[in-house]
Amino acid sequence: MATSRFTDQDGRLDELYGDVAAADLQPLWKLSGLLTPEPVPRTVPYRWRAEALSTLAARSGELVGIDRGGDRRVLACANPGLGGAPYATSTMWAGMQYLGAGERAPAHRHTPAALRFVLAGEGAWTLVDGDPLPMATGDLVLTPSMTFHEHHNPGAEPMMWLDVLDLPVVAALDAVFFEEGADTQGGPRSDPDSAAERLWGAGPGLVPGGLGKARHEAAHSPLLVYRRAGTDKALAAQLAATGGTEAQIRYTNPQTGADVMPTMRCEMRRVRAGSRSRTTRQTGSRVGAVLAGAGEVLIGDQRFALAPGDVFAVPSWAPYGLAAEEHLDVFSVSDAPVLEALGLYREREC
Ligand code: 1HN
């Protein structure tokens, strides 16, 4: 070997390694596994069943209150490959949040960006920087980095939703900041209505003009809620237009066409009953959640049955595809914008 100038019997080599270690250095020529031909993720393919998520979240709701300090009642999906970390994948937090009838989760903000996707239920609303966003089944709600947010459930029924955050990415970059906020006065409103939705949610390709460029310069979408009716219509129209077996849409910033937030890409995919989707692999991980239908997901070399409310994790570069027994709607979040921004995004058909 070109780098071995001495034999292992040479006492000076042992002495060198001892001194190298004592100086908190490591010889590269003794390290392996740093550069692999392909990604070797610690995240493993995994599925959390709706049944477990909802019953355990409801039991938590009976036994555990929400107060300052705890702030949120959330069960984190902990990927078994991640050594006990409360993360669904190496780059994303996913968890089931439970808010009982009449409960409120207090205001705070943080640098990690969050989104909520409602798998079933309605009646609660989230206040994002003063803008009230009612939430119902199939809706996507954004709480971008450093926006104040608090959740209210004025209804008579408890409500649950899926939270996804880029927390592992922000934590890896040592950029986590958190602060509590002043809670809204006035308590729950009976008819919350989002100003952002009125302004930016008018319809396809229709954005406000004449407001000046400075109107919205944040790195995230000015529209903070995406309704099920909109995604449903787009998916149905796409299936009809292409005559294909599947349709896919990406949630975008209506002003720029970019992803809704800088670190997370949100998508909805529909597969016709009795059909299979394409199978692809891409760099970066994905969290998926079943809005409706039944079938199977292929993740790497594993298959998991899917039912409404199930949540699953797709590791980087693992083949990913869906098979629908019944007309299947799957919402998913990936870290693709991060990989794209860094020139690391790759995608391949399997
Ligand atoms: C958070 O702020 C919320 O605001 C939910 O609803 C889940 C998980 C980790 C860190 C912060 C929320 C969270 C979270």
Among Asp166, Asp14, Asp24, which comes first, second and so on when ranked by fewest other beta-carbon atoms within 10 Å? Asp24, Asp14, Asp166
When the convex hull of the Cα atoms of region 95-149 is projected onto a plane and the area is averaged over all directions, what value comes out in nm²? 3.7 nm²
Show me, for region 327-343, the HN-Hα J-couplings you get by feeding each phi into the Karplus relation (A = 6.51, B = -1.76, C = 1.60, θ = phi - 60°), rounded to Hz, glycine and proline as x. 2, 10, 10, 10, 8, 8, 10, 10, 8, 3, x, 5, 5, 4, 4, 9, x
Area projected by the alpha carbon convex hull of region 266-350, averaged over all directions, nm²: 4.7 nm²
Please give the contour-minus-distance gain from Ala101 to Ala23: 0.36 nm per residue of separation, less the Cα-Cα distance, rounded to one decimal in nm. 22.2 nm
When Leu298, Leu31 are ranked with the fewest other C-beta atoms within 10 Å first, the list becomes Leu31, Leu298
Fewest first, what order do Lys30, Lys233 take by the number of other Cβ atoms within 10 Å? Lys30, Lys233
If you project the alpha carbons of region 160-306 onto their three principal axes, what span does each projection cover, largest first, in Å? 49, 39, 34
Highest mean first, what order results for 45-55, 113-123, 326-336 on Cβ atoms within 10 Å? 326-336, 113-123, 45-55
Run the quick spin-label model on Thr111 and Thr252: label points 7 Å from Cα toward the beta carbon, then report their separation in nm to one decimal. 3.0 nm
Any idea what the alpha-carbon Rg over 2.2 N^0.38 Å comes to for region 60-207? 1.05
Only Lys, Arg (+1) and Asp, Glu (-1) charged, at Cβ; the chain dipole about Cα centre in debye: 900 debye
Principal axes first, then extents: for the Cα atoms of region 230-295, list largest minus smallest coordinate on each axis, whole Å, largest first. 35, 25, 19
Rg/Rh (Cα only; Kirkwood hydrodynamic radius) as it applies to the chain: 1.05
Farthest positive-ward along region 262-350 dipole, Cα basis, beta-carbon charges - from Ser316, Leu298, Gly343: Gly343
Hey, can you grab everything whose amide H is under 5 Å from the amide H of Arg286? Only 5+ residues off in sequence or another chain; H modelled, so Pro and N-termini drop out. Val314
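Where a number appears in this text, it was derived from the coordinates with a stated rule and is not lab data. Predicted model only: the values in this text are computed from it and were never measured. Cβ sites come from the backbone with ideal geometry, for glycine too, and all protein chains shown count toward neighbours.
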